[in-house]
Amino acid sequence: MGPPVSFAPSASLPPPPSHPPTLYSLDHTNTPQTWTPILTSCFPYKPSSFLASLQQMFEHPEHNTSWILRSDTLTPAESLQPRSIAVPTFTTTRTLLRRFVPRNPSRDAPALQSCHFLTHTSLSGEIREFVVGLNHCDTAEDTPYYLPKVRGVAWLLFPEEGERGYRVSLLYSHFPIAIGSVVNSTRLERTAYHLLSRAIKLAGGIESGYEKRVHHDLVIPREEFQDRYLTLRAKHATRLVEGWREKTDPKKHVFEDILIATFLICLWERTYLGEGKAKWTGFVDIGCGNGVLVDVLVREGWSGSGFDARARKSWAGFEPRTRERLQEMVLVPYLLDDGVEIREGEHDGRFDEGTFIISNHADELTAWTPILAAASNCSFIVIPCCSHDLSGAMKRFPPPKDLQSEQNGNLRLNMNISKSTYASLCAYVERIAQDCGWVVEREVLRIPSTRNVAVIGRKRMDGVQVDVAAVVRREGGATGWRQRIEALRQKESIGH
């Protein structure tokens, strides 16, 4: 619900199906309610698909409008009950109470809605389904912007007259119109079109056997992540955007890094806080870039540091406790196959045991991360971006041939095995991590980027001993790493 897609009927289209008769009901105060059909369309699917599509729409209102973050299904309590509805000849089969969580709580207030599934079967066996969303707002003025300013929205499924098949209508129960008030009928009509067409589209996907390819929230529950993000965004976003010193778009980088920080904090609280859990040692962000991620994590009380091949202008704008944790430094792994002598301004890739390694779009360091983590016995997260091999050279990895289903113990990037360059890179990093003895977890992060897969290693495989140097050699070694890093450093210095 909320800001709908535009709708401009074409003159070349056939006339729409006729509306069903107006429906009448009694609300929770026994006050009569009128349900007026706004749009009607043919529905070439089964009633069960209609009900399943509405269930999806109720579970994920964020797919209907970007103004809503999610809805939470509530357990009725003495002080919080669904608003009832009684429709002649219809029987209520299911009721749920949900609270909308707006994407920007400082602008929009949460809102309650009662959702009812009602059904009617005639003596001849004809089925009618009536699905209703009753807003708990008593006036149009009290209704948040992200909801249509009506008392309720409903979808009615009913059989075609004299034919086999169904039609579906979108109905509104309007607020009483006060004298002199203005109703935005255009917006209500567009919202009606959006809600009706989405229900039909979802039903078609259900009948065609559509399966969602990308699954979020496998490691951290959605509600936990989103609630924490709203808190962190309110604390840090304005400060970071207003103090931005880079030439890049602050909104993209600031909000994306706050989202990543949110995920890490939720992950760390589950991993390190509490009796019997691992001890927190600190984090290191290798290839920390603008330093925003380090700044947010440090301000939230998580000790750690970050380094990058060159300092950023943004570093100088952070408070001292963040600035002192950021260093201009390149990583030259001590595991290089051609031997290595660490020079000033270089890090050899050895970390204190237990340090959590962050590799966020670290490019040349992406494939190295699970190897170095295994060598130092450190947990890690990798968010791959550009595709490089262990020598630092850009390389497009072939699609994996041996990734099996999760039931057989391995990971798949999606429900299918994608053949894209990015999916192949992620699969390569997962395989390197597994070869280094990691129990690999994967999360598709809720960030505004197509490079949004996180590969996570928190646990080692039981009884597995790994020679990480042998893994490096098997992958072709790292000859030429220092030369490429030096060239990159000089290029970035000139650009800076």
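So, of the residues in segment 271-291 that are over 30 Å from Gly345 (Cα atoms) and surrounded by 15 or more Cβ atoms within 10 Å (Cβ to Cβ), which turns out to be farthest from the chain's Cα centre (by Cα)? The selected residue is Ala278. Where strands (runs of 3 or more DSSP E) fall wholly inside segment 16-95, the ranges with 2 or more residues that are within 17 Å of Ala192 (Cα to Cα) and out of contact with any Ser or Thr (no Cβ under 7 Å at 6 or more places or on another chain) are 32-43. Collect the residues in segment 305-346 that are under 25 Å from Trp280 (Cα atoms), in contact with a Leu (Cβ under 9 Å, 6 or more places away or on another chain) and of a type in the set (S, T, N, Q), keeping them in residue-number order. The answer is Ser305, and nothing else. Evaluation of Thr92 against the conditions (1) modelled with pLDDT of 95 or more; (2) not assigned by TED's automatic domain parsing to the domain that holds Val150 shows that the sole unmet condition is (2). Screening segment 426-460 for residues that are more than 22 Å from Leu390 (Cα to Cα) and of a type in the set (S, T, N, Q) and picking the one that is surrounded by the fewest Cβ atoms within 10 Å (Cβ to Cβ) gives Thr450. If you filter segment 327-380 down to residues that are hydroxyl-bearing (Ser, Thr, Tyr) and part of a loop (DSSP other than H, G, I, E, B), you find that the one that is surrounded by the fewest Cβ atoms within 10 Å (Cβ to Cβ) is Tyr334.
Looking across segment 247-305, the residues that are in a helix (DSSP H, G or I) and basic (Lys, Arg) come down to Lys251, Lys252, Arg270, Arg299. If you check Arg222 against the conditions, is it farther than 26 Å from Ala86 by Cβ, free of Cβ contacts under 8 Å to residues at least 24 places away in the same chain and basic (Lys, Arg)? So Arg222 fails the test. Residue count for segment 376-421 satisfying the condition of being modelled with pLDDT under 95 and touching a Cys at 6+ places or on another chain (Cβ under 8 Å): 2.
The values are calculated or read from the model by the stated rules, or taken from the named source; none is laboratory data. Please read these numbers as outputs of a predicted model, since none were measured by experiment. Reconstructed Cβ throughout: ideal geometry from the backbone, glycine too, with neighbour counts over all protein chains shown.
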